[in-house]
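K.L.:
Provided herewith is a single structure, encoded as structure tokens, for subsequent inquiry.
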Amino acid sequence: MHWYTDVLKKYAVFNGRARRQEYWMFTLFSTIISIVLSILDSIFGTVALFSGVYALAVLLPSLGVFARRMHDTGRSGWWFFIALVPVVGFIVLLVFLATEGKPEENQYGPNPKLAPSY
């Protein structure tokens, strides 16, 4: 769960690097929360009230952890826009997100795997 809260603590941080585990655990927890909130929306009859507010609240942290994940692979966060290319863009982005980060320090900072954990 600390992977999720760590991303929220870096609410709008777009510099630095993020490990694969940080990105995917945040995505997993965020997806689970979105599903639960969507179920609550349907139970209470609210039209995407809870899930919409949540999606808006985690928009900047999601973009921030995405940019930091791209930095870990040595790419710019602007690669986000490759997703606008139908089908192929999403596949390329998925491959980039699943690729292991560069083991050495790059222009975006030191390897987060070597950083001391707290």
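K.L.:
Given the structure, is ALA57 small (Gly, Ala, Ser), under 30 Å from GLU105 (Cα atoms) and at pLDDT 95 or above?
P.N.:
In short, no.
K.L.:
Follow-up. Out of the helices (runs of 4 or more DSSP H) lying entirely within the range 20-107, which hold 2 or more residues that are exposed (fewer than 14 other Cβ atoms within 10 Å of the Cβ) and on the phi < 0 side of the Ramachandran plot?
P.N.:
In the range 20-107, 20-44, 49-57, 88-98 are the helices (runs of 4 or more DSSP H) which contain 2 or more residues that are exposed (fewer than 14 other Cβ atoms within 10 Å of the Cβ) and on the phi < 0 side of the Ramachandran plot.
K.L.:
Here is a further query. Select from the range 108-118 the residues that are in contact (Cβ under 8 Å) with a residue 24 or more places away in the chain and surrounded by fewer than 15 Cβ atoms within 10 Å (Cβ to Cβ) and list them in ascending order.
P.N.:
Result: GLY109, PRO110, LYS113.
K.L.:
Scan the range 36-81 residue by residue and report those that are farther than 21 Å from THR5 by Cα and among the basic types (Lys, Arg).
P.N.:
Correct list: ARG75 only.
The values are calculated or read from the model by the stated rules, or taken from the named source; none is laboratory data. All values derive from a computational prediction rather than experimental measurement. Neighbour counts are summed over all protein chains in view; Cβ atoms, including those assigned to glycine, are modelled from backbone coordinates with ideal geometry.
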